[in-house]
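Coordinate-derived values only; no laboratory data. Values in this document were obtained by computation on a predicted structure and should not be read as measured data. Cβ placement follows ideal geometry from the backbone for every residue including glycine, while neighbour counts extend to all protein chains displayed.
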Amino acid sequence: MNRIVQGAHEALAIAKGELDPEEYTVTVPQYIDVRKIRKKLGMTQAAFARVFGFSVATLRHWEQQKRIPEGPARAYLTVIDREPDAVRKALCRID
C-alpha cells in the first residue's frame, strides 16, 4: 500500500512540475513466469483468465511456453504479480 501512496505523491509532484517525468523509467522484465504468478494467487487458469481479462488459451500458451507475453502483457502481468488487489479494484465492474 505504501508504494501506491508514494506513487500517487510522485504523480502529483510531476503534475505540479515539481519533478521531472523524464527521471522515471519503466522497467519491463524480459521474462515473466505466468504460472508462478497464477499459483501464488491460488487461482485456476479459468479464474485467472476471467478476473484479469485473458483468454484461457492465451494463458495456457504462456504457461506452456508455446508463446511469450509481449511487452505490454509482461508489464500488466508484473502489476498483477505485485499489486493484484489494485488490479482487481481497477477492473471491477459497477453495474
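For the reader, a short list of remarks on this structure follows.
- The stretch 1-40 gives an Rg/Rh value of 1.18, both radii derived from C-alpha positions and Rh following Kirkwood.
- Computed FRET value (nearest 0.05) for residue 14 with residue 70, which takes r as the C-beta separation and R₀ as 25 Å: 0.40
- Paramagnetic reach from residue 79 in the stretch 37-64 [backbone N under 14 Å; point 7 Å along Cα→Cβ]: 52-54
- Viscosity 1.002 mPa s, 20 °C: Kirkwood-radius Stokes-Einstein D of the stretch 44-83 over Cα pairs, µm²/s: 207 µm²/s
- Comparing 12, 30, 68 along the charge dipole axis of the stretch 1-86, the residue lying farthest to the positive side is 68, per the Cβ-charge model.
- Rounded to whole Hz, the Karplus (6.51, -1.76, 1.60) HN-Hα couplings of the stretch 10-15, x for glycine and proline: 5, 4, 5, 4, 5, 4
- Hz values of 3J(HN,Hα) by residue in the stretch 47-60 - Karplus curve (6.51, -1.76, 1.60), Gly and Pro given as x: 5, 4, 4, 5, 5, 9, x, 9, 7, 4, 4, 4, 4, 4
- Cubic angstrom per residue, convex hull over Cα atoms of the chain: 123 Å³
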